[in-house]
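Below is one structure; the comments refer to it alone.
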Amino acid sequence: MSGVPGVGTVHLLLYDISGEAFDTTGQLGRHAFYVPRSEVITLILSLEDLKSGQELAFLLARLVESIRLNGQTPDETSLVVVLTKGDRLKADVSLPKSAQHFLSKEVPTDPRNMEQLQILSDDLEQWLTNHPENYWNFVENAKADFATVRYTAISAIGSDPRKFGAQIELNPRNVVSPLLWLFRLSLPTITVREEERKYTFHDFFEASRVAVTSSKQTEIELGAGRFLLQQSVKFNKTVVLKGAGKDKTQLVVNKPNVRLSAAGARLHADGISIVMEGSAVGSALTISGSRLELTNCTFVGGISAGRRRGNGLWITGKSIGEIRKCSFYSNQGDGLAVSDTAQVDVQDCSASRNQHAGFAFSGAAEIVSTRNLAFENQAGFHLTDNVKATIKNCKAFNNRQCGIVCLDDATGVLESNVCRNYGGQPGDPKQAIGILLSGNSIFVVVENQCTGQRKDGIAAVGKAKPEIRHNVSDGNAVCGIGVYERACAFLDENNCSRNLYGIYVQSTAQGTKVGRKNKCFGNSRYPIQNLRAWAWKPIAFWANLFNDSIGPNPPV
């Protein structure tokens, strides 16, 4: 079915069985084995053909028993009760006015607004409860056993043939109403609120179109379920997206050339997973030049092709905002990528199993990263270009290359972070270097812990100019702290133990200064190997010789 307002394109799967199958539980199990597995069961009833209300109650009991015998629970199933032969029901003067009106003419109905059908359902439920044929038992048991119960009434021909004979004009009355309840009860629901107005959708593109075209602030609330993005959506105004939780609400992009993005918008999102699937290439969500506030969201499955990198979340332009308690995993690009002049505060997030970096910050972006976790990526945190970043209280575990890598002209502070390799199965990725400072980067590296790296705990290369103080770097395969090439580092009050070398300084790192308060003990080869001191200061050579600290270059 396509083109349904508020629903979009859906596949409708219907089963029909004879009424005789309901005579016994055994027959129901044999001839209607699919009933217990249905999300919505539609019970089509002709009240005038029932012997009594008790017969209807017994029918319901057999249905519930059949569902339970098949290992299902009726409280996870919805029930739609359709009262047929509405042309005859109208003869009952006790029938509610809403039902009389509903059966007298074709009432315009829209799956985006079920208010009228809900009033009808409530009135029919009350009418059956008070009916002299004792339908109340059926009503109360249905309410107790099923997750949701809705009532409607239809007329297939529109007039009573007993009054007018066989030759009558067919005027069906509201026979589509059960289908509307099927949409509402079997499809995940999207509620769009525009100030005091409220709409209901089952298609995200349809819902977002209201938000994009409205002149007012709009809130889109997605229920639990999986929503397919049929067409590209770009938000360009203030929009609030709320899900039932990132483990419950999924917005899925699985078509080529379909994108979800925000440009020049104020975007607030909470409790949603955005997932890329199939052959769709690109990032799960792209935000450009917007204000953003993202909380408890997940970004999964970005797909790369050629030069197009598929990130989980890509923030560009002059975007400003906060990202809290979000997850970025299994993307072919970066988990979270922030570039250009964006200013973003990232807190309590995790990035894992991305093919490039967990967190990638580039361009002239300004970043504050606090209490974030990156594991099993190529690099945990990747800082490049002219980024200004503060990385504090973060953790980088078992990434394939580096826990934190700073390149080019990046500047900032790395404070109280933990870079560690932990035990795992053979072949599990393990970091080569905990913190790598390269290019012309200038960072204050203070109070970090780098443990169990395949090479160095902390390494400065290129023309990096770090200040490295109060760090603990132990149990690494090569150096606790290594300074190479033309790096110019200041090292003091660091604790480097149980490495091959405690501190190693290559002779070309001429501007490097090694303070006197470094503690290097328990290293298997040398505590401090300062080749620069040996090259330029003969006195330091003899001091180091007696300290057993001169040896060959480490195999970095």
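Just so you know, all these numbers are worked out from the coordinates, no wet-lab data involved. Small disclaimer: the values here were computed from a predicted structure and weren't measured. Neighbour counts are summed over all protein chains in view; Cβ atoms, including those assigned to glycine, are modelled from backbone coordinates with ideal geometry.
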Evaluate the relative contact order of the chain (contact order divided by residue number), counting alpha-carbon pairs under 8 angstrom at least 6 apart; express in whole percent.
-> 5
Rounded to the nearest 500, what is the chain's calculated 222 nm mean residue ellipticity when only DSSP H runs of at least 4 contribute -39500 (n - 2.57) each, over all residues?
-> -5000 deg cm²/dmol
Quote to one decimal, in nm, the extra length available between residue 234 and residue 444 on full extension: 0.36 nm per residue of separation minus the C-alpha distance between them.
-> 71.6 nm
Spin-label model distance (nm) - residue 91 vs residue 106, 7 Å beyond Cα toward Cβ = 2.6
Which cross-chain or sequence-distant (5 or more) residues have an amide H under 5 Å from the amide H of residue 299, H modelled 1.01 Å from N in plane?
-> 274, 327, 328, 329
For the residues 114, 276, what sequence is obtained by ranking on other C-beta atoms within 10 Å, fewest first?
-> 114, 276
Out of these labelled values of Kirkwood radius over Cα pairs in Å, (i) 25.8; (ii) 26.4; (iii) 27.9, which was calculated from the coordinates shown here?
-> (iii)
Could you go through segment 245-250 in sequence order and give the Karplus-derived ³J(HN,Hα) for each residue, using 6.51 cos²θ - 1.76 cosθ + 1.60 with θ = phi - 60°, rounded to whole Hz, and x for Gly and Pro?
-> x, 5, 8, 10, 10, 10
Of 198/248; 325/430; 392/465; 248/318; 388/455; 392/455, pairs whose Cα-Cα distance is over 30 Å = 248/318
Dipole moment magnitude, nearest 20 debye, the chain about Cα centre, only Lys, Arg, Asp, Glu C-beta charged = 2380
Report, in order of residue number, the helices in the chain meeting two criteria: a C-alpha extent of 30 Å or more along the helix axis, and a mean Kyte-Doolittle hydropathy of at least -1.0; treat each whole DSSP H run as one helix.
-> none
So if we plug the beta-carbon distance of residue 330 and residue 470 into 1/(1 + (r/R0)^6) with R0 = 41 Å, what FRET efficiency do we get, rounded to 0.05?
-> 0.70
Once phi is turned into θ = phi - 60°, what whole-Hz ³J(HN,Hα) does the Karplus curve with 6.51, -1.76 and 1.60 give for every residue of segment 220-233, x standing for Gly and Pro?
-> 10, 10, 9, x, 5, x, 10, 10, 8, 7, 7, 9, 5, 10
Placed amide H near residue 495: partners under 5 Å, 5+ positions off or other chain = 471, 472, 473, 519
Only loop residues by DSSP count here, and only those with at most 11 other Cβ atoms within 10 Å; note down the GluC sites (Glu not before Pro) in segment 176-249 that meet that.
-> 195, 196
If unit charges are put on Cβ atoms (+1 for Lys and Arg, -1 for Asp and Glu) and the dipole of the chain is taken about its Cα centre, the option from 459, 67, 135 lying farthest towards the positive end turns out to be 459
